[in-house]
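The values are calculated or read from the model by the stated rules, or taken from the named source; none is laboratory data. This structure is a prediction, so every number in the text was calculated from the model and none was measured. Positions of Cβ are backbone-derived with ideal geometry, glycine not excepted, and every protein chain shown enters the neighbour counts. What goes into the accessible areas is simple: the full protein's heavy atoms, side chains included, and nothing from ligands, DNA or RNA. Shrake-Rupley method; radii C 1.70, N 1.55, O 1.52, S 1.80 Å.
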Amino acid sequence: RMRKPDANVASAADLLEVGAELLDGSLKVHLSGYAKGCAHPSAAMLTIVGTATGHAIVVNGSSSDEPVAYIGKEKLKSALSQLGELLRNNKAAGESARQCLKRLGRDAIATALRQG
(Lines give C-alpha, C1' and ligand atoms only; values in the text may rest on other atoms or scores of the structure.)
Protein backbone atom coordinates (compact mmCIF):
# COMPACT_ATOMS: atom_id res chain seq x y z
CA ARG A 1 0.00 0.00 0.00
CA MET A 2 1.37 3.37 -0.99
CA ARG A 3 1.89 6.15 1.55
CA LYS A 4 0.64 9.65 1.02
CA PRO A 5 3.22 11.82 -0.78
CA ASP A 6 3.27 14.29 2.11
CA ALA A 7 4.41 11.47 4.44
CA ASN A 8 7.53 11.04 2.26
CA VAL A 9 8.04 14.81 2.31
CA ALA A 10 7.90 14.74 6.11
CA SER A 11 10.42 11.87 6.16
CA ALA A 12 12.72 13.82 3.84
CA ALA A 13 12.41 16.91 6.05
CA ASP A 14 13.32 14.84 9.12
CA LEU A 15 16.36 13.46 7.28
CA LEU A 16 17.49 16.94 6.25
CA GLU A 17 16.96 18.34 9.73
CA VAL A 18 18.82 15.73 11.78
CA GLY A 19 20.78 13.67 9.26
CA ALA A 20 23.54 16.11 8.27
CA GLU A 21 26.24 13.51 9.02
CA LEU A 22 24.55 11.10 6.60
CA LEU A 23 24.31 13.65 3.82
CA ASP A 24 27.97 14.14 2.96
CA GLY A 25 27.42 12.96 -0.62
CA SER A 26 29.06 9.57 -0.09
CA LEU A 27 25.97 7.41 0.28
CA LYS A 28 22.61 6.96 -1.33
CA VAL A 29 19.51 7.38 0.85
CA HIS A 30 16.23 6.25 -0.69
CA LEU A 31 12.77 7.14 0.61
CA SER A 32 10.05 4.80 -0.59
CA GLY A 33 6.30 4.85 -0.15
CA TYR A 34 6.01 1.07 -0.29
CA ALA A 35 8.07 -2.12 -0.12
CA LYS A 36 7.51 -3.48 -3.61
CA GLY A 37 10.72 -1.88 -4.87
CA CYS A 38 9.79 -1.54 -8.53
CA ALA A 39 10.32 2.23 -8.76
CA HIS A 40 13.86 2.04 -7.35
CA PRO A 41 15.12 -1.56 -7.58
CA SER A 42 18.81 -0.78 -7.00
CA ALA A 43 20.32 -0.93 -3.55
CA ALA A 44 20.93 2.14 -1.41
CA MET A 45 23.07 2.36 1.71
CA LEU A 46 19.97 3.43 3.63
CA THR A 47 16.40 2.87 2.44
CA ILE A 48 13.48 4.24 4.46
CA VAL A 49 10.22 2.54 3.54
CA GLY A 50 6.87 3.90 4.65
CA THR A 51 4.58 1.34 6.26
CA ALA A 52 1.11 1.54 7.77
CA THR A 53 2.62 1.83 11.26
CA GLY A 54 5.80 3.79 10.57
CA HIS A 55 9.02 3.08 8.72
CA ALA A 56 11.02 0.01 7.78
CA ILE A 57 14.76 0.71 7.50
CA VAL A 58 16.84 -1.31 5.05
CA VAL A 59 20.65 -1.15 5.04
CA ASN A 60 22.52 -1.88 1.80
CA GLY A 61 19.40 -2.90 -0.06
CA SER A 62 16.25 -1.88 -1.84
CA SER A 63 12.81 -1.30 -0.39
CA SER A 64 11.86 -4.94 -1.03
CA ASP A 65 14.74 -6.31 1.10
CA GLU A 66 14.53 -7.35 4.75
CA PRO A 67 14.62 -4.32 7.09
CA VAL A 68 17.11 -4.11 9.95
CA ALA A 69 14.63 -2.12 12.04
CA TYR A 70 11.04 -0.91 12.20
CA ILE A 71 10.53 2.60 13.50
CA GLY A 72 7.17 4.00 14.62
CA LYS A 73 5.63 6.94 12.75
CA GLU A 74 6.67 9.51 15.33
CA LYS A 75 10.15 8.08 15.94
CA LEU A 76 11.91 8.56 12.59
CA LYS A 77 13.49 11.90 13.49
CA SER A 78 14.82 10.49 16.76
CA ALA A 79 16.10 7.33 15.04
CA LEU A 80 17.92 9.35 12.37
CA SER A 81 19.38 11.55 15.09
CA GLN A 82 20.74 8.43 16.82
CA LEU A 83 22.24 7.25 13.53
CA GLY A 84 23.91 10.65 13.15
CA GLU A 85 25.25 10.32 16.69
CA LEU A 86 26.68 6.89 15.79
CA LEU A 87 28.52 8.49 12.88
CA ARG A 88 29.79 11.44 14.94
CA ASN A 89 31.15 9.10 17.60
CA ASN A 90 32.75 6.57 15.24
CA LYS A 91 33.82 8.28 12.03
CA ALA A 92 37.58 8.35 11.57
CA ALA A 93 39.37 11.38 10.15
CA GLY A 94 38.85 11.53 6.39
CA GLU A 95 36.27 8.73 6.47
CA SER A 96 32.98 9.28 4.65
CA ALA A 97 29.58 8.48 6.10
CA ARG A 98 29.29 5.53 3.71
CA GLN A 99 32.70 4.14 4.68
CA CYS A 100 31.93 4.50 8.37
CA LEU A 101 28.50 2.85 8.17
CA LYS A 102 29.90 0.04 6.04
CA ARG A 103 32.67 -0.55 8.58
CA LEU A 104 30.28 -0.45 11.55
CA GLY A 105 27.86 -2.88 9.89
CA ARG A 106 24.16 -3.65 9.95
CA ASP A 107 23.98 -4.61 13.62
CA ALA A 108 25.45 -1.32 14.87
CA ILE A 109 23.18 0.63 12.52
CA ALA A 110 20.10 -1.31 13.63
CA THR A 111 20.97 -0.80 17.31
CA ALA A 112 21.39 2.96 16.82
CA LEU A 113 18.08 3.23 14.96
CA ARG A 114 16.21 1.29 17.64
CA GLN A 115 17.65 3.52 20.37
CA GLY A 116 15.92 6.51 18.74
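What to note about this one:
- With the whole protein complex present, residue 64 retains an accessible surface near 70 Å², based on a 1.4 Å probe.
- Placing dummy labels 7 Å off each Cα toward the beta-carbon, the span from residue 107 to residue 29 is 2.6 nm.
- Gyration tensor (alpha-carbon) shape descriptor, the stretch 55-116, a/c threshold 1.5: oblate
- The accessible-area ordering, largest first, of the residues 75, 91, 102 stands as 102, 75, 91, per a 1.4 angstrom probe.
- Using heavy atoms of the protein chains and a probe of 1.4 Å, the accessible area assigned to residue 107 is about 130 Å².
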